[in-house]
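The values are calculated or read from the model by the stated rules, or taken from the named source; none is laboratory data. Because the structure is predicted, anything quoted here is derived from the model rather than measured. Cβ sites come from the backbone with ideal geometry, for glycine too, and all protein chains shown count toward neighbours.
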2 protein chains.
Amino acid sequence: MASNKYEEIVQAAVELFEKKGYHATSVQDIADAVGLQKGSLYHYISGKEDLLLGLAQRAITEFNQRMERILSSERSAQDKMKEALSMHLELITHDVQLSTVLLRESVALGERPQQVVKEATDLYLDLWTRLLAEGIEAGEFRPGNPRMTALAILGACNWVFRWYQEDGTLRSQAIADIYADLFFDGIKK
Amino acid sequence: MASNKYEEIVQAAVELFEKKGYHATSVQDIADAVGLQKGSLYHYISGKEDLLLGLAQRAITEFNQRMERILSSERSAQDKMKEALSMHLELITHDVQLSTVLLRESVALGERPQQVVKEATDLYLDLWTRLLAEGIEAGEFRPGNPRMTALAILGACNWVFRWYQEDGTLRSQAIADIYADLFFDGIKK
């Protein structure tokens, strides 16, 4: 039961952080949202920052684990990248509110928790860089700067949280297909 | 002289919004930063939101004007796009603090000013979409979804504010060249 209440608190925090921003959200706001006294809320969390760090870590770990699984599978680099684009866009669009908190609000963390998040996102960038380097090595991709290419692709994919409409008709797989076509073959005729 | 003081206020606000976030910055903080009494500050600005809206509008207008100039020039779509990538990345990296406020904090504006910013950024997206459509029409670019392509390119370019180091060795033109190569020809061999 305790963990269900914790999940309820996390969900309320995500909603508040997304709507009002992390700084403008108070622990009292979160307590009110889940119908607890502020004192009781502290049985579940040690504070607002702890909450944001926890949900950011959990989300990024999901990205990293899924990317590691894709990387270790037996497929061409091109197929892995298609899968990675689908995975990333599915996670970003599945819960836009969480993505927004992750991508917009996690910079509000203090120095030490910020560092924890940075290490996790750096790992994710490394995994994408490795995939691109693998494709170059295998002769599937043109030689280039895999890290910069990874930054460009992740930038394009992350930015989706800013314009994606959850009630829109464009599914994440449709975006993944269009982006794969763009990144594989470019726009030039 | 009054306009110099206004510029000083804008600059102080950009620094504070970037460091502490818009919500956590008070009018008192801004007054302190420029050595004015809060009452005197109100001779220059009508409030914090007015300040953020003003600087966002000015920045986006710069992007729009430069993009309109590029679009109306007599060049191939490919050359226009190279120029547009350079322009966008130069503006983003020239003042990363301002870019951060623009891209991260302007979502903190209330509904009406938010709408003003949205109209200006929608215009910018339209200009990019028009450039891509022009290239398809001219047979330079492959048929596709110019709006989605514009969103991908702008996402990749905007995201640079998150990782660009002002003291780094990578100049904005180097990023523009790498991105142009990626978007024109793709990664596939």
Collect the residues in the range A:162-180 that are closer than 13 Å to residue A:90 by Cβ and in a helix (DSSP H, G or I), keeping them in residue-number order. A:172, A:173, A:174, A:175, A:176, A:177, A:179
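For the condition buried (at least 19 other Cβ atoms within 10 Å of the Cβ), assigned to a helix (DSSP H, G or I) and away from every other protein chain (no Cβ under 14 Å), what is the one hit in A:103, A:89, A:51, A:85?
Details: A:103 fails: away from every other protein chain (no Cβ under 14 Å); A:89 fails: away from every other protein chain (no Cβ under 14 Å); A:85 fails: away from every other protein chain (no Cβ under 14 Å).
The conditions single out A:51.
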Boolean, residue A:16 is assigned to a helix (DSSP H, G or I), assigned by TED's automatic domain parsing to the domain that holds residue A:153 and either over 18 Å from the mean Cα position of the chain (by Cα) or crowded, with 19+ Cβ neighbours inside 10 Å (or both): no
Among the residues of the range A:126-146, count how many are within 24 Å of residue B:154 (Cβ to Cβ) and either more than 11 Å from every other protein chain (Cβ to nearest Cβ) or exposed (fewer than 15 other Cβ atoms within 10 Å of the Cβ) (or both). 2
Meets criteria (part of a loop (DSSP other than H, G, I, E, B), in the same structural domain as residue B:4 (by TED's automatic domain parsing), of a type outside the set (D, E, K, R) and surrounded by fewer than 19 Cβ atoms within 10 Å (Cβ to Cβ)) for residue B:24: yes
What are the residues in the range A:29-47 that are under 21 Å from residue A:97 (Cα atoms) and within 27 Å of the chain's Cα centre (by Cα), if any? A:29, A:30, A:31, A:33, A:34, A:45, A:47
Can residue B:70 be described as within 23 Å of residue B:166 (Cβ to Cβ) and modelled with pLDDT of 95 or more? no
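Would you point out which residue out of A:123, A:132 is under 17 Å from residue A:81 (Cβ atoms) and in a helix (DSSP H, G or I)?
Working: A:123 fails: under 17 Å from residue A:81 (Cβ atoms).
Just one listed residue meets the conditions, A:132.
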Quick one: which of B:78, B:114, B:37, B:57 is assigned by TED's automatic domain parsing to the domain that holds residue B:9 and of a type in the set (S, T, N, Q)? B:37
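Yes/no per residue for (1) more than 18 Å from the chain's Cα centre (by Cα); (2) crowded, with 20+ Cβ neighbours inside 10 Å:
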| position | (1), (2) |
| --- | --- |
| B:153 | no, yes |
| B:158 | no, yes |
| B:162 | no, no |
| B:170 | yes, no |
| B:174 | yes, no |
| B:177 | yes, no |
| B:181 | yes, no |
| B:184 | yes, no |
| B:189 | yes, no |
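Go through the range A:165-176 and give me each residue that's within 10 Å of chain B (Cβ to nearest Cβ) and either within 19 Å of residue A:100 (Cβ to Cβ) or touching a residue at least 24 places away in the same chain (Cβ under 8 Å) (or both). Can you show your working first?
Going through the range A:165-176, the residues within 10 Å of chain B (Cβ to nearest Cβ) turn out to be A:170, A:174-175.
Across the range A:165-176, the qualifying residues are A:170, A:175.
Tell me, which residue of the range B:9-35 that is farther than 20 Å from residue A:104 by Cα and among the small types (Gly, Ala, Ser) is farthest from the other protein chains (Cβ to nearest Cβ)?
Of the range B:9-35, the ones farther than 20 Å from residue A:104 by Cα are B:9-12, B:26-35.
The next check asks that each one be among the small types (Gly, Ala, Ser); those that pass are B:12, B:26, B:31, B:33, B:35.
Working: B:12: 18, B:26: 11, B:31: 19, B:33: 18, B:35: 25 Å.
My answer is B:35.
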